[in-house]
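K.L.:
Below is one structure. I have some questions about it.
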Amino acid sequence: MKIEGDVHGFIDGTFPAVYRSDKNLITGTANSVDAMQSINVEDLAKYFLEGATQQNSESLFRHEKYKTALELYSAFFTETSQNAKFLTLVMVLETLAESKKRPQLVLELLKDFRNQIEELENKLSADSEEFISLDSLKRELTFRQEDSIRKQIRALVYDTLLINGDEDAEETAKLAVKIYDKRSKLVHEGKISQKDLHHASSNARRIVKRILQAKFTHLTQTK
């Protein structure tokens, strides 16, 4: 229906709306839209043959951490939220990272701290708030025996690129730590600036791609 005179607003026709009867409004409606991303046959054949003819490529299917990392990397391309895309990239690095025990000196300090906690617990009622808090702290010490995820990611990037012969291994490892710090801020505070998110995501994507490629080469060359 043609509207005579001024138009005072626009409403979504798929939702209820309340408005004054003397106002002219345009109602907009549209069917749902599906989008599909595709790759041409020539490129698909090229990438498929490159992977299929790679020596010892079947070994990749026996490496569970690498398989999971590839699944996460694949999920990155289908995520719609920029936050989710960034976090998914960092999860790829977390998956590939290997846990390592802390130095013996640190382990001994943790053991002494655990003994102190148990001495305090013996003086408290098992259902008291103090006991519950101490018990929680004691359990946390078990996880503290291993290096932090932050340090594990640094080691992953540095070691992988060093083995691959990349001269910027140390520089890239430091950048990976900064990316993980942005991840921590996003998770714990709920947001980071769009500028920081874009910068961190771009760097994370480049690093993840390099790590996956280097791991691919290493795994297929190792019998």
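The values are calculated or read from the model by the stated rules, or taken from the named source; none is laboratory data. These figures come from a predicted structure and were not determined experimentally. Note that each Cβ is placed from the backbone with ideal geometry, even for glycine, and that neighbours are counted across all protein chains shown.
K.L.:
Take the residues in region 62-105 that are among the β-branched types (Val, Ile, Thr) and in contact (Cβ under 8 Å) with a residue 12 or more places away in the chain; name whichever of them is nearest to Ile132 (Cα to Cα).
P.N.:
Among those residues, the one meeting the criterion is Thr95.
K.L.:
Another question, then. Residues of region 156-170 being more than 16 Å from Val208 (Cβ to Cβ) and either among the polar types (S, T, N, Q) or assigned to a helix (DSSP H, G or I) (or both), which ones?
P.N.:
Leu162, Ile163, Glu170
Rundown of residues vs (1) among the acidic types (Asp, Glu); (2) under 27 Å from Phe113 (Cβ atoms); (3) modelled with pLDDT under 95, yes/no style:
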residue	(1), (2), (3)
Glu129	yes, yes, yes
Ser133	no, yes, yes
Lys151	no, yes, yes
Ala155	no, yes, yes
Ala169	no, no, no
Asp196	yes, no, no
Asn203	no, no, no
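K.L.:
May I ask you to list the residues in region 177-223 that are acidic (Asp, Glu) and either within 22 Å of Thr160 (Cβ to Cβ) or touching a His at 6+ places or on another chain (Cβ under 7 Å) (or both)?
P.N.:
Asp181 - this is the single residue of region 177-223 that is acidic (Asp, Glu) and either within 22 Å of Thr160 (Cβ to Cβ) or touching a His at 6+ places or on another chain (Cβ under 7 Å) (or both).
K.L.:
Which members of region 172-183 meet the condition of being small (Gly, Ala, Ser) and without any contact (Cβ under 8 Å) to a residue 24 or more places away in the chain?
P.N.:
Of everything in region 172-183, just one residue is small (Gly, Ala, Ser) and without any contact (Cβ under 8 Å) to a residue 24 or more places away in the chain, namely Ala173.
K.L.:
Here is a follow-up. Among the residues of region 171-192, is there at least one that is within 26 Å of Glu64 (Cβ to Cβ), modelled with pLDDT of 95 or more and over 14 Å from the mean Cα position of the chain (by Cα)?
P.N.:
Scanning region 171-192 turns up at least one residue that is within 26 Å of Glu64 (Cβ to Cβ), modelled with pLDDT of 95 or more and over 14 Å from the mean Cα position of the chain (by Cα).
K.L.:
Still on this structure, I have one more. Which numbered condition trips up Gln213, out of (1) surrounded by 13 or more Cβ atoms within 10 Å (Cβ to Cβ); (2) among the polar types (S, T, N, Q); (3) within 21 Å of Thr68 (Cβ to Cβ)?
P.N.:
It fails just one condition, (1).
K.L.:
Any idea which residue in region 110-150 is surrounded by the most Cβ atoms within 10 Å (Cβ to Cβ), counting only those that are closer than 30 Å to Ile207 by Cβ and in contact (Cβ under 8 Å) with a residue 24 or more places away in the chain?
P.N.:
Checking each candidate, the answer is Asp147.
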